[in-house]
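Take a look at the structure below.
The values are calculated or read from the model by the stated rules, or taken from the named source; none is laboratory data. Source: prediction; values computed, not measured. Heads up, the Cβs are rebuilt from the backbone with ideal geometry, glycines too, and the neighbour counts pull from every protein chain shown. Note: areas computed on protein heavy atoms with side chains; ligands, DNA, RNA excluded. Shrake-Rupley method; radii C 1.70, N 1.55, O 1.52, S 1.80 Å.
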Amino acid sequence: MSPPNILFIMSDDHAAHAMTCYGSRINETPNMDRIASEGVRLDNCFCTNSICAPSRATILTGKYSHRNGVLTLDDPMDGRQPTFPKMLQAAGYQTAVIGKWHLGHGGIHDPTGFDYWNVLPGQGLYHNPRMFDLGEERICPGYVTDLIADMCLEWLDGRDRGRPFCLLCHHTAPHRRWEPDEKHAHLYDDLDIPEPPTFNDDYANRSQSAAYAKMRIDRDLDDEDTKGPPPAGLSGHALKQWKYQRYIKDYLRCVASIDDNIGRMLDYLDESGLAEDTLVIYTSDQGFFLGDHNWYDKRFMYEESLRMPFVARYPKEIPAGSTSDAIVLNNDFAPLFLDYAGLPTPADMDGRSCRAVLQGNTPPDWRTILYYRYFMHMAHHGVCAHYGVRTQRHKLIYYYEDDPLPPEWELFDLDRDPQEMCSVYDDPAYAPVVAELRGELKRLREELGDTTNPWPEG
Ligand SMILES: [Ca+2]
């Protein structure tokens, strides 16, 4: 079988619980759902470091942050290291990345391994963005989500039809500050979006780090986020509700534009006879809090932020309408693409091809535990640096720094407490789980070589 084309569509900060196929209570995403219904939906796809640039570097390299050098938003990527686009390119694929890059610009930081690249500087603007077209700066009139899709379609149309393609379509939406286009500006005007079940979280029964974080809907969203000040006289819970509606509606309007543009791309594949021969993936660089726990933003190892949406269609080998709960990580994507291209996974990649998972044949020795680490201690939103492990049922988190809060542990039983409202770390009934997962955390840190902070003895 000849290697498939690869269309990898990734957005920025789009949480799975804002997609209908993942059970969204707040919006509809018919085109993303179409990929799921004609292919597979992964229910336990997770990032290994829930922040923009690090997730992107992990996807390109197949390696954890501490092994590819992009630990934080302030670490530009060294493009001289091996990446899957370079390997696909060497294997005969034509490759392109269009949209958000966010891994630095100039010299060794520009995209490498791409026949064509046209990327936003940093986060990029929603309206009339500047872009670096093979390094040449241009102002592009229009709305960024439409523009990125237009450019992708134009590149697809001009491709060499004699060779497979790998196109990375990287939307910058729905990143803060959630600016919708004219077409979707009034979507949801006449209704209230439901508040999430944990909207009124008081942060009791967990580490102090949750209460300490500065990403609260009521306290930390500013007038620029809400596109203007609140009505005079609004305060307390009513103000919190008003801010949530302003935030979530703009977020979902940005998502709606992505969904529309995915529809355009799927239509193009149909009309040009490419649908059967193309692996289409939609994902996001990580999740996001959608008012859950009274928060926006990400970073925490909590579910809403840790989980990545991931739907994939390739009719030749992925069963339509299937799902999997296997634990897949963003460092598995590079090995997956190499696998489809007929290439082995390099020994120094941390991930493993999840091709068999997508086919519904999860290998018996597939991972049952994941390792996660967030490095940006106290940056931007006051989230303490932490690392941890998650199995199908439990999650252990260690906030390892000692200023401004003392080091803290959390353990969640995801079966009994899926919303992570009560840490059972100190519950004697969970002592065996604590002991086992602390052992696993120590083992994984050593195996992966992520030992830059001392292991807490005792
Ligand atoms: Ca992001």
Subject >> helices (runs of 4 or more DSSP H) (entirely within the range 207-309) containing at least 2 residues that are not charged (D, E, K, R) >> reply: 208-212, 236-271, 303-306
Subject >> Residues being surrounded by fewer than 24 Cβ atoms within 10 Å (Cβ to Cβ), small (Gly, Ala, Ser) and touching a Lys or Arg at 6+ places or on another chain (Cβ under 8 Å) - total across the range 8-60 >> reply: 1
**OP:** Kindly indicate whether any position in the range 120-129 is at negative phi, open to solvent by less than 10 Å² (accessible area, probe 1.4 Å) and in contact with a Gly (Cβ under 9 Å, 6 or more places away or on another chain).
**Re:** yes
Original post:
What number of residues in the range 2-28 are on the phi > 0 side of the Ramachandran plot and away from the ligand (no atom under 16 Å from the Cβ)?
Top reply: 1
Original post:
Quick one: what pairs do we get from the range 150-174, first residue assigned to a loop (DSSP other than H, G, I, E, B), second open to solvent by 30 Å² or more (accessible area, probe 1.4 Å), C-beta under 7 Å, 6+ apart or different chains?
Top reply: Pro164/Pro3; Thr172/Gln123
**OP:** Tell me which of these Asp270 doesn't satisfy, since it passes every other one: (1) touching a strand residue (DSSP E or B) at 6+ places or on another chain (Cβ under 7 Å); (2) open to solvent by 10 Å² or more (accessible area, probe 1.4 Å).
**Re:** (1)
Subject >> Answer from Arg307, Arg299 - the residue that is of a type in the set (D, E, K, R), within 16 Å of the ligand (Cβ to nearest atom), open to solvent by 20 Å² or more (accessible area, probe 1.4 Å) and modelled with pLDDT of 95 or more >> reply: Arg307
**OP:** Determine, yes or no, whether Gln392 is within 17 Å of Arg206 (Cβ to Cβ) and part of a loop (DSSP other than H, G, I, E, B).
**Re:** no
Original post:
Taking the range 137-157 as the region of interest, how many residues are open to solvent by less than 30 Å² (accessible area, probe 1.4 Å) and either among the basic types (Lys, Arg) or touching a Leu at 6+ places or on another chain (Cβ under 7 Å) (or both)?
Top reply: 4
